[in-house]
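None of the figures in this text is laboratory data; all of them are computed from the coordinates on show. As the structure is a prediction and not an experimental result, all values here were calculated from the model. Using ideal geometry, Cβ is built from the backbone for each residue, glycine included, and neighbour counts are taken over all protein chains shown.
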Amino acid sequence: MTKKRVVIKGVMRLYIMWPLLLLPVVALITVIHFAIDLRAGFVALGFSLAYTIFAIVIYVLWRPKIIAGMVRFAASYNKLQRRLSKELVLPYAVLDAEGRVVWLNNAFAEITGLEKAKSQHVFQLFDGIDAGILPSAEEDTSIHIIHAERNYLAVFRRINAANADDDIYWLYEDRKEEDAGKGDLITMYLLDETDRIAMQKELSDQRLIVGLIYIDNYEEVLESVDEVRRSLLTALIDRKIQKSMASVDAIVKKLEKDKYICLFPNKYLAGLRQNRFPVLDEVRSVNIGNELPVTISMGLSAETGSYDKAYERARAAIDLALGRGGDQVVLREGENNIYYGGKSMSVEKNTRVKARVKAHALRELIEARDEIFVMGHSIGDVDSLGSAIGVYRIAKSLNTKAHIVINEVTTSLRPMMSRFLNSPDYEDDLFVNSEEAKENITKDALLVIVDVNRASYTECPELVEMVENCVIIDHHRLTGEIASNAVLSYIEPYASSACEMVAEILQYSGDEVKLKQVEADAMFAGMMVDTNNFLSKTGVRTFEAAAFLRRNGADVTRIRKMFRTELKEYQIRASIVSKAEVYNGCFAIGTLDTGTDAESPTVLAAQIANELMEIANIKASFVFSYYNNKVYVSARSIDEYNVQVLMEKFGGGGHMSASGCQLTDCTIEEAIQKVKEALDEKEGEI
């Protein structure tokens, strides 16, 4: 280092010069003495001269000695500082602006194996550290690294070397003379996080996971076996659940005949997720002659708060699993829901008790209101319109004014809606758009949502927030997103359509509720569309609901005429089917080009997806269309592939055999690539 002349500044300089600083005071005292008495003034003057000579002599003679003592103290202090830094337990090093080590203490040397600074780059010493992590300003940057099987937090700070040279000159001893003072310095220290991370992991592993296990079809399975075998069947189910959960050190307690609660350490959760919860398959394998397989649902909560809150989250998770059709696990992590299983079709319930209870509850809600609004999903189809018409008839029969919210009339809806718009039996404000609904709706009005359970997918999501109470009637599988102000929720994934559910509600709504012929046609048409002319998702209750609508005047011939398409759309469908790509030998992919002259591309895409499933050896079909700056995907299957789980990966949903999603900020080509990547995953996970 270049030597510099010692310059004393500040308080220390004042301390050395204080005898000289008193000279003006002595002179003033002398003047005062002369003013009082001449003789006293001469005495004071003599004293002042003596003091001045003495002060100057002391300052001149002792100043070098004082400065020398200060230098010796500073040097001693500097050596102490360096020694303390060298022996500091915290690993500490100083780098140049390029990341080369110019100084390091003993702890840092022990970790890195360097005996002294050798201008080696820190990037060569630690994996994960690169030039991008070095700070560009006088502020800290940090990064978590692993070195020699230990976890460290590396913290960097840039220091202006020009300003700090006097304070840390000893850091330059290993640098060349010509490099001294060039560039800034970067300090680096390491915080050992290994023990803290290990403790956090141990605490996390020991945290208890709360779970609820429900048998989905307990009554139905018992009825399918002989009475003498029923006790054996329940014992086998208990044993399978207990044995499977015992492998994860779980405590399982039976709450009711078909309900269990379980607690197990969090460290086993990752293994269960990787194996996709084998307890589902274990219980499903129970067979002592029962016609129906036994299925269970699980709701798990990984809540980090109180156990009471974790239990409530588990309750919400099991409700969601049951609402999605059962035979699956719903894991609640924070505000996210993760789904496992759900590969079997929902079992239709033979009893209509639930429909009767919901019908009575809906009647009471409607009777307590002067006005209701009925709303389906955006870009409505015949099922959403038909079910809305059914709710409208209940309200009118109970002398409650009702409106149906619909924004866009697609080609599939126009023939059916024209029968209501041109009829004197219906008010002019039967159908209203979103803007009209928002202007007229009040906080006390009842909002009924049909054929959808996601508020964001409705015709007007703002209406959900504008009312205190709403009702949801839907046949799609539940997702985590559902209106918080829903006072009545009737969601049955086994139902073929929303029209089927509303038809059952109509039968228990009172004798005064009578369907008109045009209303029965609308509901019957909705069932036909959602079941693909009664070919998919049909059960005993589906045909019973259809029979009820037929008794109320539904005419299949009249409905069939309304479903006929224009020649142009038929030609488009034929063209897309002929150009469809077969991916991996079993997935049909069709594309509705953006320039296609179709009035309702999303409806057309759904029809094409159904037609592609008529091709042999096709497990699932996917048709992509572009509409309103979004890419719409219509997915269909029969029984070999769960398209609903696949569509949920992209924020969509629906049923195992009929589902869809909407993708934003991407092109059709990019959407196709995303779906192909999802199809390339293990089929067992889908």
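Listed values, structure above:
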read-out	value
Charge sum, other residues only, whose C-beta stays under 13 Å from H360's C-beta, Lys/Arg counted +1 and Asp/Glu -1	+2
The chain - percent relative contact order, Cα under 8 Å, separation 6 or more	7
Sites V57 and A97, calculated FRET efficiency, Cβ-Cβ separation with R0 56 Å, nearest 0.05	0.65
Between segment 630-645 and segment 434-456, the alpha-carbon center distance in angstrom	28
Sequence-separation-based contact order of segment 261-375, relative, with Cα cut under 8 Å and 6+ spacing, percent	18
Charge tally in the Cβ shell below 15 Å around Q673, where Lys, Arg are +1 and Asp, Glu are -1, Q673 excluded	-4
Per DSSP, loop trypsin sites (Lys or Arg not before Pro) in segment 535-589 with at most 16 further Cβ within 10 Å	R564, K579
Structure-derived Cα Rg over 2.2 N^0.38 Å - corresponding label in [x] 1.10; [y] 0.94; [z] 1.55	[z]
Neighbour-count order for I615, I209, I406, fewest beta carbons within 10 angstrom listed first	I615, I209, I406
Least to most buried among F524, F431 (fewest other Cβ within 10 Å first)	F431, F524
Inter-label distance, nm, simple model (7 Å from Cα along the C-beta direction), R229/K568	6.1
Between helix 517-530 and the chain: long-axis angle, C-alpha atoms, 0 to 90°, nearest 10	60
Square roots of five times the Cα gyration tensor eigenvalues for segment 207-340, Å	26, 14, 13
Relative contact order of segment 353-563, defined on C-alpha pairs under 8 angstrom at six or more residues apart (%)	25
Simple spin-label estimate for V155 and D428 in nanometres, 7 Å along Cα-Cβ	7.4
Charge dipole magnitude, Cβ of K and R +1, D and E -1 - the chain, Cα centre, debye nearest 20	2700
Leading residue at positive end of dipole, the chain (Cβ point charges), from M647, S575, L421	M647
Furthest towards positive pole of dipole, A402, M656, V329, structure part the chain, Cβ charges	V329
Modelled label reach - D639, point 7 Å along Cα→Cβ, segment 502-545 residues with backbone N closer than 14 Å	535-539
DSSP beta bridge pairing in the chain, given as percent antiparallel to the nearest 5	70
Label-point separation, K65 to D680 (7 Å along Cα→Cβ), nm	8.7
Environment charge of V329, counting only residues whose C-beta is closer than 11 Å and scoring Lys/Arg +1, Asp/Glu -1	+3
Helix axis angle, 38-86 relative to the chain longest principal axis, alpha carbon, degrees	50
Cβ-based exposure ranking for Y307, Y490, in which fewest neighbours within 10 Å come first	Y307, Y490
Across K354/K443; K438/K514; K309/K438; K240/K649; K259/K354; K354/K537, pairs whose alpha-carbon gap is larger than 25 Å	K354/K443; K438/K514; K309/K438; K240/K649
